[in-house]
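The next block holds one structure in the form of structure tokens; read it before the comments.
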Amino acid sequence: MRLFEYQSKKIFSQYGIPITRGRLTSVAGEAKHIAEELGGSVVIKAQVLVNGRGRAGGIRLAKNPEEAEQHALAVLGMEIKDHKVRKVLVDEAVSIAREIYVALIMDRSSRKPVLIASPEGGTYIEEFALQSPEKIIKIELDPLIGLCDYQAREIATSIDLPKQHWSEFVAILAGLWKVFWDNDATLAEINPLVISEDQRMFALDCKLLVDDNSYFRHPEFAELLDSDLLMPLDPAVRKLGISYFRLDGNIGCISNGTGLAMSIMDTLDLFGGKAANFLDLVGGANSNNVEGALSIVLEDPNVKSVLINIFGGLTHCDEAAKGIMQFLGHYKPAVPIIIRLSGTRSGEGLGLLKDSNLLIAETFVGGIQMAIAAAEGDLNEHFS
Ligand code: GDP
Ligand code: MN
């Protein structure tokens with residue numbers, strides 16, 4: 001998961017990395033007031049989860065509050081690489097004397113964290129790296145030791161950083177390491193890290209990518225997801241730990257294991273049906289995961305039938321059945337639900353379902369055919 005700049009900056013600053021003052025808004029008029037508060041001269045920054053905002057016109061310097069409002073008006077609603085700008089960060093402007101690039105990445109080939117630095121940073125970092133690859137410094141780090149001060153000083157020397165900035169630079173890199181490590185990041189980047197005309201240092205743009213496999217350790221990231229951006233259902237889905245993607249068909253699908261979920265979609269397609277979603281409960285799902293998955297699938301108004309196909313392994317069929325019954329305990333679905341349970345504790349699971357009016361499928365293909373027929377309204381007599 002990639003965090004927005006404003007979210008990343010908040011985290012970076014908690015680790016002592018100096019950032020400029022700023023506030024988020026989705027209203028151009030408010031940008032004017034924020035600019036007034038911040039002393040007039042600000043930068044309007046589009047909050048989108050793609051690279052190259054600056055070049056696309058999503059970063060604009062405003063000399064006064066009136067200009068801040070105009071720029072915010074222009075940037076809000078802009079499309080940057082298919083991402084609509086819904087919020088802008090109004091940040092105190094800095095007079096820049098020098099731009100530097102520093103980042104920590106989890107390098108898959110060396111299987112280590114690697115610190116990357118460049119004496120020149122900013123919007124044209126990619127071109128600079130291509131033209132002067134010898135100026136890009138990389139240091140492989142031992143994950144158990146982390147970043148040592150001597151390594152930070154080595155970087156300071158390599159990028160010709162004036163001595164007066166060394167101690168601050170070393171502290172910023174120490175903070176960057178902690179941001180990276182504590183948050184299970186795959187990337188923690190500052191570009192640009194600037195030295196201002198008045199010789200202060202600021203992280204003007206911060207980027208944090210978090211390893212999706214570490215969510216179980218970071219409940220706080222589920223809260224950070226901006227619900228009106230990208231995937232509206234994401235926070236609920238993330239909390240459940242399931243994989244869910246909405247598609248444009250009308251048959252809701254719930255199953256466990258990516259392979260099974262994909263074969264259901266393929267087989268639906270083969271028999272002329274169309275999946276409304278992909279949903280993988282992932283291994284070891286409990287009744288609450290199943291209950292939550294059902295409510296997420298049924299939130300989609302296009303869903304005309306639901307096929308639940310559980311192959312019991314790590315996931316126990318009776319847990320799944322319990323989840324379904326929990327759901328039915330407080331919600332009466334308007335569409336037919338077809339269930340196939342097979343594998344670990346399927347007998348117990350089917351036993352739990354026997355008094356419900358759910359449709360039980362004996363086979364994989366049988367379930368597929370029932371789901372398609374139900375979505376087309378051909379099974380309606382079962383539900384009168
Ligand atoms: P990116 O295009 O998404 O990387 O956006 P950045 O936040 O990195 O900003 C791009 C460029 O805009 C920076 O490299 C700076 O040159 C410029 N910029 C950003 N903030 C300021 C600022 O406060 N003052 C000035 N003068 N330039 C800025
Ligand atoms: Mn940047």
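Per 0.36 nm of contour for each residue apart, how much would the distance between GLN164 and GLN131 grow if the chain were fully extended, relative to their Cα-Cα spacing?
Details: separation 33, 0.36 × 33 = 11.88 nm, distance 2.89 nm.
Fully extending the segment from GLN164 to GLN131 adds 9.0 nm.
Going through the cross-link list LYS81/LYS135; LYS138/LYS163; LYS87/LYS304; LYS10/LYS239; LYS87/LYS274; LYS10/LYS45, which pairs have a Cα-Cα distance over 26 Å in this structure? Listed pairs above 26 Å: LYS81/LYS135; LYS87/LYS304; LYS87/LYS274. Excluding same-chain residues fewer than 8 positions from LYS32, which aspartates and glutamates have a Cα within less than 13 Å of its Cα? Answer for LYS32, where 13 Å is the Cα cut-off: GLU66, GLU67, GLU69, ASP91, GLU92, listed by chain and number. For the pair ALA74 and GLU362, the difference between a 0.36 nm per residue extended length and the Cα-Cα distance amounts to 97.9 nm.
By the Cα gyration tensor, the range 19-70 has an equivalent ellipsoid whose semi-axes, rounded to whole angstrom, run 19, 11, 11 from largest to smallest.
A simple spin-label model places the labels of GLU376 and ASP198 7.3 nm from each other, with each point 7 Å out along Cα-to-Cβ.
Distance between the C-alpha centres of the range 149-170 and the range 265-300: 53 Å, rounded to the whole angstrom.
Both radii are taken from the alpha-carbon atoms of the range 89-151; with Rh as the Kirkwood radius, Rg/Rh is 1.05.
The angle between the Cα long axis of helix 149-158 and the main principal axis of the chain comes to about 60°, on a 0 to 90 degree scale.
Only DSSP H runs of four or more residues enter the estimate; each adds -39500 (n - 2.57), and after division by the residues of the chain the mean residue ellipticity at 222 nm equals -10500 deg cm²/dmol.
Principal axis extents of the Cα atoms in the range 225-384, from largest to smallest and rounded to whole angstrom, are 41, 31, 31. The distance linking the range 328-384 with the range 27-86 is 51 Å (Cα centroid to Cα centroid, whole angstrom).
Modelled label positions at ARG153 and MET262, each set 7 Å beyond Cα in the direction of Cβ, lie 5.2 nm from each other. Annotation: extensible slack from PHE245 through PHE271 equals 7.2 nm (criterion: 0.36 nm per residue apart, minus Cα-Cα distance). In this simple spin-label model, placing a label point 7 Å from the Cα along the Cα-to-Cβ direction at both VAL50 and LYS63 gives a separation of 3.1 nm.
Readers should treat all values here as calculations from the given coordinates under stated rules, not as data from a laboratory. Keep in mind the model is a prediction, meaning the values are calculated, not measured. Glycine gets a Cβ as well: all are built from the backbone with ideal geometry, and neighbour counts include every protein chain shown.
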